[in-house]
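First comes the structure, then the notes that go with it.
Rule-based calculations on the coordinates, nothing more; no lab input. On a predicted model such as this, the values are computed, not experimentally measured, just so you know. Cβ placement follows ideal geometry from the backbone for every residue including glycine, while neighbour counts extend to all protein chains displayed.
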Amino acid sequence: MTQRIIGVAGFKNAGKTTLVERLVSELTGRGFRISTIKHAHHSFDIDHEGRDSFRHRAAGAAQVAVVSRHRWAVISELGDNPEPSLDEMLAKLDPCDLVIVEGYKRDGHDKIEVRNLDDDKPRLSNEDETIVAVAANGTVTDCPVPVYDRDNIHALADFICGRTGLIEVP
């Protein structure tokens, strides 16, 4: 079976991360195993100066694994290598029912466009056929795809379940 994926795309401050967080909570509450991938357009650290893992990286380690009873993470230094593609990152995830992808706006997977109508940003759904729905903080007219209230998480989760073929187990 192909991995089920739904993307969440939009411009800065549209509410993407909040929507992903709320969708994960709703869908895991329905009994699904959800994973997420977040694309960052900037450098980031998940460890901080002074921590052992940071010191290992600073010393030149290509990868550092941090492991505890509750979670683990592997930090990989790319150096001059290109960042991994979405497909490469999907292949690294454990099996799950659905992956919600935040970012990767230009990739070919289905996406929900998140709009903050208080900002005057371009509408992705008018130009991008991978946009399958819009989640907005107000009324949107003249839209080629279904439109949902950004706060109606239950309806958005129902749409995602239908769109991806995710079926709830009784």
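Below is a table of values for the structure above.
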read-out: Reciprocal mean inverse distance between Cα atoms of region 1-53 - Kirkwood radius, Å; value: 13.8
read-out: Cβ-based charge dipole, region 1-135, positive-most Cα from G10, S53, A40; value: S53
read-out: Label point distance in nm, I167-D151, each placed 7 Å from Cα along Cα→Cβ; value: 3.5
read-out: Burial ranking of peptide ranges 106-114, 92-100, 48-56 (average Cβ count within 10 Å, highest at the top); value: 106-114, 92-100, 48-56
read-out: Calculated FRET value between V67 and T17, using beta carbons and R₀ = 22 Å, to 0.05; value: 0.25
read-out: Using distinct alpha-carbon pairs, which all enter the 1/r mean, Kirkwood radius of region 54-114 in Å; value: 14.4
read-out: Cα-derived Rg over Rh, computed across region 8-92 with Rh taken as Kirkwood radius; value: 1.01
read-out: Once the Cα gyration tensor of the chain is diagonalised, semi-axes √(5λ) in Å; value: 32, 20, 15
read-out: Distance between region 138-152 and region 116-134 - C-alpha centres, whole angstrom; value: 10
read-out: Farthest positive-ward along region 56-170 dipole, Cα basis, beta-carbon charges - from G108, L166, N137; value: L166
read-out: Gain upon complete extension [L93, T28; 0.36 nm per residue less C-alpha separation]; value: 21.7 nm
read-out: Length gained when the stretch D107-E49 is fully extended (0.36 nm per residue, less Cα-Cα span); value: 17.5 nm
read-out: Charge dipole (debye, nearest 20) of the chain; +1 at Cβ of Lys and Arg, -1 at Cβ of Asp and Glu; value: 440
